[in-house]
Amino acid sequence: MPDLAAPLIATADELLLDDALRWCAAVGAVPDVAPDLTATRRSWRQASAVIVGEDLAGDLARAALPRREHVVLLAREPSQWWPDAVALGAVAVCGPHQEDRILEALAAALDGRGEACLVSMVGGSGGVGASTLAVALGLAAQRRGLRSLLFDADPLGGGLELLMGAERAEGLRWHDFDATHGRLSAGSLADVLPVHHGVSTLSWDRSGTTVLPAAVPSVLTAAVRGFDLVVADVPRHLDEPGADIVGRSVLTVLVVAEDICGVGAARHVLDRLQQVASSIVVVTAGRPGGIGPAAVSDALGLPVLARHRVDRRVRAAVDRGMGPGRSRAARRTAMALLDTLGLEAA
C-alpha cells in the first residue's frame, strides 16, 4: 500500500496533546503537531486525519478552512463545542475519556487505500462456471498489477482455493474468523490471508464448516479497504450475507448457460438479484448447438457483456492443482470484465 499522509494534532494544550500523541502511537502513526492557526493551515489539507483541541477550535472555525474528512474535535466538555465542530466539519466531538471512539476515527482514516472495486459472481444455474470466472478475474487483475482478493461466500461450493490450487498456502480460512468481533483493519486482513500466484484468497478449509461467520460484514469492509479488486463468489440462492455482498458490489455478473433450462433457472436467480443489486450484466457460457447470447439477452432483458467459451481443459488443469490461469477463453472473458470496470494496469 502507498504511504499515507501523517495525521495532524492541532492544539497547544499539553494535556490534550499527550493524549492525542498516545492515540496516534496506538494506531502506528507519527503525527505532525500544530500549536496555532498558522501551522494548522499549512497541514490541514494533506493530513490523513486531524485532531483539533478545544483551545484552537474557535480560531479554526472562524478561519473557514476548507471542508475535509476525518476531523475530530477533542474537548473536556464535548456538549459545549458542537457549533465549532459543525463549522469545522468534524465527524465527532470526543472527550479524553472516549478513547475507543477516537481510535476508531483514526483507524478509519489511516486504514487501507479507500474503496476497492467489489464484484459479485453468481451462477444462473449449477456448474455454469461462475467460480472459475471469479478465479480468472482475480488472476487477470493481478497480471495488471492490481491487488486482488477472491472472497468465497458460497459455503456449499467447491472452494475457490481448490480452484486456484491454493489449499496448501498458509493463512487464515473462514473458520478462523468465528471469534472475530468489532472492526478489522485492512492491513491486518491482507497480512493473514493465503496468497497464491499473487492473488489473496479467503475460502473454506476441509473441516466441513458450511456457515459463514457473523464477522462477514466487518471482514468485507476491511477487504474493500485493503485491495484494489475484491471478487466475491456468491451462492445463487442469495442468503443474507450474499444479499449484503451483492448490495455493496459495483457490478454483479450473472453467468448463464446458453440453453433453455439454464435461462429458466437464471430468471429465478435474476429476480432475487434485482432486489438488491445496483448493476447486473450477463456473461453467457457458450456451447455448440446452444441458443446463443442474443436469445439469452432477450429472455432476461439484460445485455450480454461477454460470451465465455467453455474450455474443457480447465477441469483437468484444476484437478492437477494448476487452476484456470492458463485458459485463454477464461482470460479473455476476465479481461473484458476488467475493461468494463475501468480497471487498467496499475
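The values are calculated or read from the model by the stated rules, or taken from the named source; none is laboratory data. All of these numbers come straight from a predicted model, not from anything done at the bench. Here the Cβ positions follow ideal geometry from the backbone for every residue, glycine too, while neighbour counts run over all protein chains shown.
Which ones in the range 59-86 are free of Cβ contacts under 8 Å to residues at least 40 places away in the same chain and among the aliphatic types (A, V, I, L, M)?
ALA61, ALA63, ALA64, LEU65, VAL71, VAL72, LEU73, ALA75, ALA85, VAL86
Can you give me the number of residues within the range 326-339 that are in contact (Cβ under 8 Å) with a residue 60 or more places away in the chain and over 18 Å from the mean Cα position of the chain (by Cα)?
Qualifying residue count, the range 326-339: 6.
Select from the range 162-207 the residues that are modelled with pLDDT of 85 or more and of a type in the set (Lys, Arg) and write down the one among them that is nearest to the chain's Cα centre (by Cα).
In this case the residue turns out to be ARG173.
Which count do you get for residues in the range 248-277 that are surrounded by fewer than 22 Cβ atoms within 10 Å (Cβ to Cβ), acidic (Asp, Glu) and either in contact with a Pro (Cβ under 6 Å, 6 or more places away or on another chain) or in contact (Cβ under 8 Å) with a residue 24 or more places away in the chain (or both)?
1
Mind checking which pairs have a first residue in the range 302-313 that is more than 12 Å from VAL283 (Cβ to Cβ) and a second that is modelled with pLDDT under 90, Cβ under 6 Å, 6 or more apart or different chains?
What qualifies is ASP311/SER327; ASP311/ALA329.
Need at least 3 residues that are within 30 Å of ARG332 (Cβ to Cβ) per element, so show me which strands (runs of 3 or more DSSP E) inside the range 57-173 make the cut, counting only ones lying wholly within it.
The qualifying strands (runs of 3 or more DSSP E) are 117-123, 148-152.
Restricting the first residue to the range 24-51 and requiring it to be under 22 Å from GLU104 (Cα atoms), which pairs with a second residue that is among the β-branched types (Val, Ile, Thr) and in a strand (DSSP E or B) meet a Cβ separation below 6 Å and a spacing of at least six or different chains?
So the pair list comes out as PRO31/ILE9; VAL33/ILE9; VAL50/VAL71; ILE51/ILE9; ILE51/VAL72.
Which numbered condition trips up PRO288, out of (1) touching a Ser or Thr at 6+ places or on another chain (Cβ under 8 Å); (2) outside any helix (DSSP H, G or I); (3) over 21 Å from ILE245 (Cβ atoms)?
Single failed check for PRO288: (1).
Could you give every pair whose Cβ atoms fall below 7 Å, whose first residue belongs to the range 87-111 and is on the phi > 0 side of the Ramachandran plot, and whose second residue is at pLDDT below 90, counting only separations of at least 6 or pairs across chains?
GLY89/ARG67; GLY89/ARG68
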